[in-house]
Amino acid sequence: MSASEASISGPQPTSLGAAPGVHFGFQNTYARLPERFFARVNPTPVAAPRLVKLNVELAHKLGLDPAELAGGSGVETLAGNRVAEGAEPLAMAYAGHQFGHFVPQLGDGRANLLGEVIGQDGVRYDIHLKGSGPTPYSRRGDGRAALGPVLREYIVSEAMAALGVPTTRALAALTTGERVIRETALPGAVFVRVASSHLRVGTFQYFAARQDTDGVRLLADHAIGRHDPEAAHTERPYGTFLEGVIARQAKLVAQWMLLGFVHGVMNTDNTSITGETIDYGPCAFMEAYDPATVFSSIDANGRYGYGNQPRAALWNLARLAEALLPVLELEAGGQEAAVASANEALQAFAPQYELARMAGLRSKLGLFTEQDGDAAMAENLLERMAANRADFTLTFRRLCEAAEGVEGDAGVRGLFADPSAYDGWAAGWRRRLEEESKSAGERAAAMRRVNPVIIPRNHLVEAVIEAAVARGDFSPFEELLDAVLSPYEDRPGLERYAAPARPEEQVSRTFCGT
Ligand code: AMP
Ligand code: MG
């Protein structure tokens, strides 16, 4: 060994001859699957990348150096202008039911999986660029993303993480210096997404639709290895895996319902098998409680309205079960047994969902013990809220004060069109609270840990987008992001973020990012 070989220190210049690249430490497994699982394609460089926001805390969790990411070559890498060492950019193949209609080939039409990194928690994460240029799956799309939807995804996904909901995360948002043409010309952007994986129900459907049983099996083995390693040691790995996905989705959707979150596009290609919320398009949080709430401009029939979400999730899981049938058959010993085991797994959804929702409602109401009448009492409150257009988030938050004493009632009453509708319910609730042994102070504190004061209200998200897109002003984005990152804390000065939209501010329609 020569002296020079032995004395290399630090990163080597890349072939570009530029500054040393960002060290991601990629350890890719998806790229090792057969070539028919994806298309190898690099991001398409953009004209003038500029970092809008870097998630420093998340970078640390991933073992990445924020200073490196924010530096010249980091920004080039995040924008897709430069391929980091160890990255193996690819567009994943998937299919999906969109509003009930099956499309056998969707795939990443405007995204690249750069590779996988192992976080400080030992978990493997995908680093994924959205809006990074056309791929073989782009169909008629331009492969790009507009700034507005990128900012929405950044804020709402980080708010969900802060609220404690499983979700993909935002590592960075960048502007491209290019325009994208939608209804009008808009500033282009790239979103850097982090996920436990990008395996969707639609990924399984892609292979099932092609009668590619080997593909389904390889994908299921890959998914089990990554997300359900204990399933591999059971007698029925695929059945156990299906049960795991169902359990995760049941819990996830219960959390959405308990926070008033409306996903908006629960197509099977937007349903993650990790149990993370994925694909923030026309999503929004409900204000006045109404189970029929729909925001998405493309959801004319309300298929994915607030109250339909549990049903939509189960429908998607049934499609996953169908896609897995060929491999379930292998372990169940025949088609009939496979169908029976799939149905049994699907039947577990409703009780698991109800259990999670009821446990959540109890916590929201300050109940530590279980009694028979609890469910009826909770439903009764929701009915009164619906009839009186009470703000979902504020009703539960203000109940925290009411739980400490009747002085707190005024705040809740004021949210009901007819305040006496609250009084009628509150009397019964108080009697029920008397049967709990916790002190009022303890109860209120526990309630404040599950009933947020700040959610990313739709009119505020819209105002953030308007300021950034029309005026290049990102300070409203920074301010709203800061507010939603501490959703359970009463912070002086942030009252405006807790307040529902005034009538003239209300935004009842949201648009997809495409
Ligand atoms: P989404 O509604 O974002 O879940 O996207 C559904 C499908 O359309 C996915 O296959 C996307 O990759 C694709 N798609 C969405 N927007 C674009 C775009 N601007 N260019 C190419 N493909 C897109
Ligand atoms: Mg999608």
task: With a cut-off of 12 Å, note down the residues of segment 450-471 whose backbone N falls inside the zone around a label point 7 Å from the Cα of Arg182 toward its beta carbon.
output: 462, 465-466, 469-470
task: In whole angstrom, note down how far apart the Cα centers of segment 169-247 and segment 441-510 are.
output: 30
message: Only sites in a loop by DSSP and with at most 15 other Cβ atoms within 10 Å count here; which GluC sites (Glu not before Pro) in segment 452-514 make the cut?
response: Glu489
- request: Answer rounded, prolate or oblate for segment 3-198, using the Cα gyration tensor with square roots of eigenvalues a ≥ b ≥ c: rounded when a/c is under 1.5, else prolate when a/b is larger than b/c, else oblate.
  value: rounded
- request: List the chymotrypsin sites (Phe, Trp or Tyr not before Pro) within segment 87-172 that fall in a DSSP loop (any state other than H, G, I, E or B) and whose Cβ has at most 15 other Cβ atoms within 10 Å.
  value: Phe99
- line: Once the in-chain neighbours fewer than 8 apart are removed, the lysines whose Cα is under 26 Å from Lys130 read Lys53, Lys61
message: Take Asp214 and Leu330, extend 7 Å from each Cα along the Cα→Cβ direction, and tell me the distance between the two endpoints in nm.
response: 1.1
message: Explain nothing, just compute: Karplus ³J(HN,Hα) = 6.51 cos²θ - 1.76 cosθ + 1.60, θ = phi - 60°, for every residue of segment 447-462 in order, whole Hz, x for Gly and Pro.
response: 5, 5, 7, 10, 10, x, 8, 10, 10, x, 5, 4, 5, 6, 4, 4
task: Measure off 7 Å from each Cα along the Cα-to-Cβ vector at Glu370 and Ala417, then give the distance between these two points in nanometres to one decimal.
output: 3.6
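To the nearest 0.05, how large is the calculated FRET efficiency for Asn380 and Ala337 if R₀ is 41 Å and r is the Cβ-Cβ distance?
Details: r = 44 Å, r/R0 = 1.06.
Once the sixth-power term is evaluated, E becomes 0.40.
Since every read-out is calculated from the coordinates, none of them should be taken as a lab result. No experiment lies behind these values; they were computed from the predicted model shown. Neighbour counts are summed over all protein chains in view; Cβ atoms, including those assigned to glycine, are modelled from backbone coordinates with ideal geometry.
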